[in-house]
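To keep things clear, I will list the structure first and then write my remarks on it.
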Amino acid sequence: MMKAQKIRCNKISMILMLLLLVCAAYTSAALSADTKHVDPQPALPSSSKVGVPQATLQAFGAYPNLLNITHEMREKFHPVVKLPKRKKWKKWIQKRRIKSNNTKDADDSNNTCNESQIGLMNIYDYILKDYTGKNNNDNDVILQGGKKVPQLLPTREDALEFAKTQKQSKLFDVGRYDEDRRGMYTSSLFDAKDEEQRRTIHVGIDIGVPVGVKIHSFVDGVIHSLGYNEAIGDYGHVIVVEHRISATSKCWVLYGHLDANSIKGKHVGQKIKKGEVIGRIGDTSENGGWTGTHLHFQVAMTPPQTHDMPGVVSLKDREGALLEYVDPRYVLGELY
């Protein structure tokens, strides 16, 4: 009996040893195969994989939010431009406040709503411009009295002369991000050897405001660079500020078309506080020859070499540019 049990145990031991040898051989073969064939390092995601839309002029949220700015974060930003509120909106707010004060319900959350729920265009008094060429009126600036002038004057002399008698419109307007503005950029600054290289895709947002309007910093920052880009069609006086968005993200914002006084007394490395006035909007003699005075607001993911960024890019460079220059609405809010 004892002898039979011993034989049985020896058989079991042999079977186990055979199984161990088979497993070891299989593991060795697998490791050898892995050594011979190593998968290449994964390529960086293409623009289509991270969400760059194929078509231009997409809705808010359609473009990559590479700075991970949330609605709650944006609510705490200081307005870059203080837009005037619509009269109807002011009356509506007053009615809501009266209703909220008179309600017996202690929880008045149903009587209030934030700007994102209503839409900024319903609250603030500004015009959304179309520079695609479909609306010919937007390709010109209409002055008081109905006189039309081109958006961009051809020479510096024309810009200086225009500024002397410039009649300012009191209207505010917004020019869109990722807009194909063919026919608008007419100076030699935008010359190209062929149509494929022509720069017409706008990668910032323009906020049309009267001369002298204050431009504010939306969060704390440090001046990266500043100067005067003098070419016709360029930014004129410009400041680039490095802004810390969160503990893990920062960006570089170009504030373009400012007046000469905006850069006086400022220096690289100067700290800028949230809400601080960065500068004021310049007239046509200061802003690069643009008759429609405005702020060009552009958000970059990497620091520029100097006080300049390409405000427009070619169609072939569009996808890469939209990953470098993110949708400013993530900072400014849903302007359209």
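Scanning region 244-258 for residues that are farther than 20 Å from ILE205 by Cβ and not in a strand (DSSP E or B), we see that the one that is least open to solvent (accessible area, probe 1.4 Å) is SER246. ASP317 meets all of the listed conditions (1) touching a Lys or Arg at 6+ places or on another chain (Cβ under 6 Å); (2) in a helix (DSSP H, G or I) but one, namely (1).
Sub-8 Å Cβ pairs linking a first residue in region 121-145 that is farther than 19 Å from THR200 by Cβ and at pLDDT below 95 to a second residue that is among the aromatic types (Phe, Trp, Tyr) and open to solvent by 40 Å² or more (accessible area, probe 1.4 Å), at least 6 apart or interchain, are MET121/TYR336, ordered by first then second residue. Within region 146-160, the residues that satisfy the criterion of being outside any loop (DSSP other than H, G, I, E, B), at pLDDT 90 or above and open to solvent by less than 80 Å² (accessible area, probe 1.4 Å) are LEU152, ASP158, ALA159. Checked against (1) open to solvent by less than 20 Å² (accessible area, probe 1.4 Å); (2) closer than 29 Å to ASP194 by Cα, LEU335 passes all but a single condition, namely (2). State all residues of region 215-243 that are under 23 Å from LEU322 (Cα atoms), open to solvent by 20 Å² or more (accessible area, probe 1.4 Å) and either in a strand (DSSP E or B) or among the small types (Gly, Ala, Ser) (or both); if no residue qualifies, say none. Across region 215-243, the qualifying residues are HIS224, GLU242.
Taking region 259-275 as the range and being open to solvent by 20 Å² or more (accessible area, probe 1.4 Å) and part of a strand (DSSP E or B) as the test, only LYS271 passes.
Scan region 194-206 and give yes if some residue there is among the hydroxyl-bearing types (Ser, Thr, Tyr), surrounded by fewer than 18 Cβ atoms within 10 Å (Cβ to Cβ) and more than 22 Å from LYS82 (Cα to Cα), otherwise no. So far as region 194-206 goes, no, none of its residues is among the hydroxyl-bearing types (Ser, Thr, Tyr), surrounded by fewer than 18 Cβ atoms within 10 Å (Cβ to Cβ) and more than 22 Å from LYS82 (Cα to Cα).
Any residue at all in region 278-292 that is within 29 Å of ASP194 (Cα to Cα), out of contact with any Lys or Arg (no Cβ under 8 Å at 6 or more places or on another chain), touching a residue at least 24 places away in the same chain (Cβ under 8 Å) and not in a loop (DSSP other than H, G, I, E, B)? Yes, region 278-292 contains a residue that is within 29 Å of ASP194 (Cα to Cα), out of contact with any Lys or Arg (no Cβ under 8 Å at 6 or more places or on another chain), touching a residue at least 24 places away in the same chain (Cβ under 8 Å) and not in a loop (DSSP other than H, G, I, E, B). Taken together, the residues in region 163-175 that are touching a strand residue (DSSP E or B) at 6+ places or on another chain (Cβ under 7 Å) and surrounded by 16 or more Cβ atoms within 10 Å (Cβ to Cβ) amount to 4. Entry remark, region 53-86: residues being touching a strand residue (DSSP E or B) at 6+ places or on another chain (Cβ under 9 Å) and either without any contact (Cβ under 8 Å) to a residue 40 or more places away in the chain or not hydrophobic (A, V, I, L, M, F, W, C) (or both) number 10 in total. The residue that is farthest from ASP140 (Cα to Cα), among those in region 181-230 that are in contact with a strand residue (DSSP E or B) (Cβ under 7 Å, 6 or more places away or on another chain) and of a type in the set (Asp, Glu), is ASP220.
The values are calculated or read from the model by the stated rules, or taken from the named source; none is laboratory data. Computed from a predicted structure; not experimentally measured. Please note: Cβ atoms are built from the backbone with ideal geometry, for glycine as well, and neighbour counts cover all protein chains shown. These accessible areas exclude ligands, DNA and RNA; they are computed on the full protein's heavy atoms, side chains included. Shrake-Rupley method; radii C 1.70, N 1.55, O 1.52, S 1.80 Å.
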